[in-house]
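See structure below.
The values are calculated or read from the model by the stated rules, or taken from the named source; none is laboratory data. Since we're looking at a predicted model, the values are computed, not measured. Cβ atoms come from the backbone with ideal geometry, glycine included; neighbour counts cover every protein chain shown. For accessibility, only protein heavy atoms count, side chains too; no ligands or nucleic acids. Shrake-Rupley method; radii C 1.70, N 1.55, O 1.52, S 1.80 Å.
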Amino acid sequence: MTAVFLDRDGVLNEKMPEGRYVTSWSDFNLLPGVPESMARLNHAGLQVFVVSNQRCVALGLCTAADVDFIQSTFQNLLQSRGAHVDGFYFCPHDEGQCNCRKPLPGLYEQAAAEFPEITAESSAMIGDSLPDIEFGRRLGMLTVFIDGDPGRQKSSSQAAGKLAELRFPSLAEAVDHLLKNQASKSPLISQA
Ligand SMILES: [Mg+2]
Ligand SMILES: [Zn+2]
């Protein structure tokens, strides 16, 4: 594996109740173990990308600059904890207007244009919704479903959990599994 694509809301920070959006930094409540898990991915040499649907921009609830500010503040927080994101990509559009709203592939294409060494086949997509898992499946990534807060899950998340190859309660547990697998497949380790 060479790259990990992470959904934002519900994977890195708490998902808001249905119909509400994270529109400012004060709404961004980091989930437990997230900076540590991201640092482990960084140290394992994996590229880390955040791919996020932010329809709140199309709805006029926040601006693209607000999303950028949340991302850069999150990046600063990560850097203070020894972790970083290699690239943030988000879709500001409403449904049916673009090629970048997950499950459509545009956010992956934006990352691949900036980082031509990545391939979908050597990437994992970690998300908490059906569009995340469909996005990863269509591109040929390994897909990992994170069980969110049951009170804030869409009904389609059941289907997402079944469609994904792997399923864990949190990012920390998903990263544990991926890095163990990565280590066992490494030729350097098997030669040792
Ligand atoms: Mg999500
Ligand atoms: Zn879009």
Report task. Go through the residues of the range 83-91 one by one and say whether even a single one is touching a residue at least 40 places away in the same chain (Cβ under 8 Å), within 26 Å of Gly45 (Cα to Cα) and among the aliphatic types (A, V, I, L, M). Result -> yes
Query - Odd one out for Gly161 among (1) more than 16 Å from ligand 2 (Cβ to nearest atom); (2) touching a helix residue (DSSP H, G or I) at 6+ places or on another chain (Cβ under 7 Å); (3) open to solvent by less than 30 Å² (accessible area, probe 1.4 Å) - result: (2)
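Scan the range 87-127 for residues that are open to solvent by 50 Å² or more (accessible area, probe 1.4 Å) and part of a loop (DSSP other than H, G, I, E, B) and jot them down.
His93, Glu95, Gly96, Gln97, Asn99, Leu104, Pro116, Glu117, Thr119 - these are the residues of the range 87-127 that are open to solvent by 50 Å² or more (accessible area, probe 1.4 Å) and part of a loop (DSSP other than H, G, I, E, B).
For the range 1-14, which residues satisfy the criterion of being open to solvent by 50 Å² or more (accessible area, probe 1.4 Å) and either of a type in the set (S, T, N, Q) or in contact with a Lys or Arg (Cβ under 6 Å, 6 or more places away or on another chain) (or both)?
Residue satisfying the conditions is Thr2 alone.
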Query - Residue in the range 140-148 that is farther than 18 Å from Val34 by Cα, at pLDDT 95 or above and not in a loop (DSSP other than H, G, I, E, B) present - result: yes
Requested in this report: Considering (1) surrounded by fewer than 18 Cβ atoms within 10 Å (Cβ to Cβ); (2) small (Gly, Ala, Ser); (3) outside any loop (DSSP other than H, G, I, E, B), say which one Ser52 fails and leave the rest.
Outcome: (1)
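Could you please let me know if Leu59 is open to solvent by 10 Å² or more (accessible area, probe 1.4 Å), touching a residue at least 24 places away in the same chain (Cβ under 8 Å) and within 23 Å of Leu178 (Cα to Cα)? Outline the logic, then answer.
On the way: open to solvent by 10 Å² or more (accessible area, probe 1.4 Å): yes; touching a residue at least 24 places away in the same chain (Cβ under 8 Å): yes; within 23 Å of Leu178 (Cα to Cα): no.
Spelling it out, it is not the case that Leu59 is open to solvent by 10 Å² or more (accessible area, probe 1.4 Å), touching a residue at least 24 places away in the same chain (Cβ under 8 Å) and within 23 Å of Leu178 (Cα to Cα).
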Query raised in the report: When only residues in the range 128-139 that are buried (at least 24 other Cβ atoms within 10 Å of the Cβ) and within 16 Å of ligand 2 (Cβ to nearest atom) count, which is nearest to Asn53 (Cα to Cα)?
Result: Asp132
Query raised in the report: Looking at the range 21-36, which of the residues that are part of a helix (DSSP H, G or I) and within 16 Å of ligand 1 (Cβ to nearest atom) is surrounded by the most Cβ atoms within 10 Å (Cβ to Cβ)?
Result: Val34
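Please specify each residue of the range 167-179 satisfying the condition of being surrounded by fewer than 22 Cβ atoms within 10 Å (Cβ to Cβ) and more than 20 Å from Ser52 (Cα to Cα). Full working, then the answer.
Of the range 167-179, the ones surrounded by fewer than 22 Cβ atoms within 10 Å (Cβ to Cβ) are 167-170, 172-173, 176-177, 179.
Glu173, Asp176, His177, Leu179, listed by residue number.
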**Report entry** Residues of the range 140-158 satisfying the condition of being out of contact with any Phe, Trp or Tyr (no Cβ under 8 Å at 6 or more places or on another chain) and open to solvent by 50 Å² or more (accessible area, probe 1.4 Å)
**Finding:** Leu142, Asp149, Pro150, Gly151, Arg152, Lys154, Ser155, Gln158
Query raised in the report: Has the range 65-75 got any residue that is in a loop (DSSP other than H, G, I, E, B) and open to solvent by 10 Å² or more (accessible area, probe 1.4 Å)?
Result: no
Query raised in the report: Any idea how many residues of the range 105-127 are over 13 Å from Val50 (Cβ atoms) and within 16 Å of ligand 1 (Cβ to nearest atom)?
Result: 1
